[in-house]
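Okay, structure first, notes after.
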Amino acid sequence: MSYFYTLNNGVKIPAIGFGTWQIPEGELAYNATLAALKAGYRHIDTAMVYGNEKSVGRALKDSGIKREEIFVTTKLSANIKGYEETLEEFRKSLENLGLDYLDLYLIHNVKPWGVDSDGYDYMNANIASWQAFEKLYEEGKIRSIGVSNFLPGHLKILIENSKVKPMVNQIRLHPEHIPTENISFCNENDILIEAYSPLATGKILAGEKYAEMAKKYGKSVAQILIRWSYQQGFLPLPKSVNEDRIIENLDIFDFELTPEDMDYIGKIV
Ligand code: A2P
């Protein structure tokens, strides 16, 4: 893929990533990742908690594509926090993926999943994890570091207490879920927003709202939504296990939505 964003540390990141959330470990994850690489994706997004790092890693290897041509992201489980714990978890992810460095490592969530507190209680633990991220970054084991599901308040605390500013915040973001405050904060601080569930996990594809527009551009609704995300300056991470859809979701660089259509889909105020 020849479309890139440049992160705040100068690293280039392919402008669409293949999302692997909810693709089970085994042949499904292996085949889908291999299909994505064959289709031209050069950015694969996984996470320890998805449970599919091993299959993703096998597909990376079997694709025959040079390591340095693929941008690989994984995430530190939300349930693992702390300096030593993070170093250990990183080592496991690298081993699962069969890699000797990562392109992007993210703290997956502010607080462990299934916990009731508001998340701010966990910021000291996140800062300790971040210190491990900084060490791995400085050693060249990770080319860029970031977070996921952080709100502006969490980002502020992290930035105030660290040497290296996050390069990415990966958040749930599609036309029917637009967290404007978070978007503004990240834009002002040069933190790239990656959009997970850019198709609202498939839930908004069937409705009437986008059907006519898709027809007008000669594209599918999925392509319209992915293009909207890209044109807003976000980095969409569409997921699919279907080869035709995998190909379709990357084919969004040959048309441009008008400003009116962009606003109709979802205006960012
Ligand atoms: P499938 O994996 O069977 O193709 P999101 O990226 O927002 O998480 O959305 C993923 C969901 O959308 C999955 O259920 C996926 O199903 C479906 N999907 C992905 N791409 C397309 C597409 N181009 N057309 C229709 N459905 C799609």
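Residues in the stretch 183-193 include at least one that is part of a strand (DSSP E or B) and more than 27 Å from residue 30 (Cβ to Cβ). Within the stretch 8-34, the residues that satisfy the criterion of being open to solvent by less than 10 Å² (accessible area, probe 1.4 Å) and either farther than 25 Å from residue 92 by Cβ or outside any loop (DSSP other than H, G, I, E, B) (or both) are 13, 14, 15, 16, 18, 19, 29, 32, 33.
Inside the stretch 231-269, residues that are under 14 Å from residue 41 (Cβ atoms) and hydroxyl-bearing (Ser, Thr, Tyr) make up a count of 1.
The residue list 94, 60, 106 contains one member that is open to solvent by less than 10 Å² (accessible area, probe 1.4 Å) and not in a loop (DSSP other than H, G, I, E, B), which is 106. Of the candidates 200, 222, the single residue that is within 11 Å of the ligand (Cβ to nearest atom), of a type outside the set (Ser, Thr, Tyr), on the phi > 0 side of the Ramachandran plot and open to solvent by less than 30 Å² (accessible area, probe 1.4 Å) is 200. Between 89, 84, the distinction of being in a helix (DSSP H, G or I), touching a Ser or Thr at 6+ places or on another chain (Cβ under 9 Å) and farther than 16 Å from residue 144 by Cα belongs to 89 only. As a summary of the residue check, residue 264 satisfies the conditions (1) within 9 Å of the ligand (Cβ to nearest atom); (2) open to solvent by 50 Å² or more (accessible area, probe 1.4 Å); (3) in contact (Cβ under 8 Å) with a residue 24 or more places away in the chain except for the one numbered (1). For the stretch 157-176, filtered to residues that are under 16 Å from the mean Cα position of the chain (by Cα), buried (at least 17 other Cβ atoms within 10 Å of the Cβ) and outside any loop (DSSP other than H, G, I, E, B), the residue that is nearest to the ligand (Cβ to nearest atom) is 174.
Considering the conditions (1) open to solvent by less than 60 Å² (accessible area, probe 1.4 Å); (2) under 25 Å from residue 269 (Cα atoms); (3) at pLDDT below 95; (4) not hydrophobic (A, V, I, L, M, F, W, C), residue 208 is excluded by exactly one of them, (1). Restricting attention to the stretch 227-243, and to residues there that are within 13 Å of the chain's Cα centre (by Cα) and hydrophobic (A, V, I, L, M, F, W, C), which single residue is nearest to the ligand (Cβ to nearest atom)? Top of the filtered list is 237.
Inside the stretch 248-261, can you point out the residues that are within 16 Å of the ligand (Cβ to nearest atom) and under 20 Å from residue 194 (Cα atoms)? Residues satisfying the conditions are 248, 249, 250, 251, 252, 253. Take the conditions (1) under 28 Å from residue 233 (Cα atoms); (2) buried (at least 17 other Cβ atoms within 10 Å of the Cβ); (3) within 16 Å of the ligand (Cβ to nearest atom); residue 71 misses just one of them, which is (3). Answer with yes or no whether residue 78 is outside any loop (DSSP other than H, G, I, E, B), open to solvent by less than 70 Å² (accessible area, probe 1.4 Å) and at pLDDT 95 or above. Judged against the criteria, residue 78 is not a match.
Is it the case that some residue within the stretch 45-55 is in a loop (DSSP other than H, G, I, E, B), of a type in the set (Gly, Ala, Ser) and touching a Lys or Arg at 6+ places or on another chain (Cβ under 6 Å)? Within the stretch 45-55, one or more residues are in a loop (DSSP other than H, G, I, E, B), of a type in the set (Gly, Ala, Ser) and touching a Lys or Arg at 6+ places or on another chain (Cβ under 6 Å). Residues of the stretch 129-164 that are farther than 25 Å from residue 196 by Cα and of a type in the set (Asp, Glu): 138, 139, 160.
In this structure, is residue 101 surrounded by 22 or more Cβ atoms within 10 Å (Cβ to Cβ) and either touching a residue at least 40 places away in the same chain (Cβ under 8 Å) or not polar (S, T, N, Q) (or both)? No.
Residues in the stretch 177-191: is at least one open to solvent by 50 Å² or more (accessible area, probe 1.4 Å), under 21 Å from residue 84 (Cα atoms) and free of Cβ contacts under 8 Å to residues at least 40 places away in the same chain? No; the residues of the stretch 177-191 include none that is open to solvent by 50 Å² or more (accessible area, probe 1.4 Å), under 21 Å from residue 84 (Cα atoms) and free of Cβ contacts under 8 Å to residues at least 40 places away in the same chain.
The values are calculated or read from the model by the stated rules, or taken from the named source; none is laboratory data. Everything numeric here is computed off the predicted structure, so don't read it as measured data. Reconstructed Cβ throughout: ideal geometry from the backbone, glycine too, with neighbour counts over all protein chains shown. Accessible surface is based on the protein model in full, side chains and every heavy atom, while ligands, DNA and RNA are left aside. Shrake-Rupley method; radii C 1.70, N 1.55, O 1.52, S 1.80 Å.
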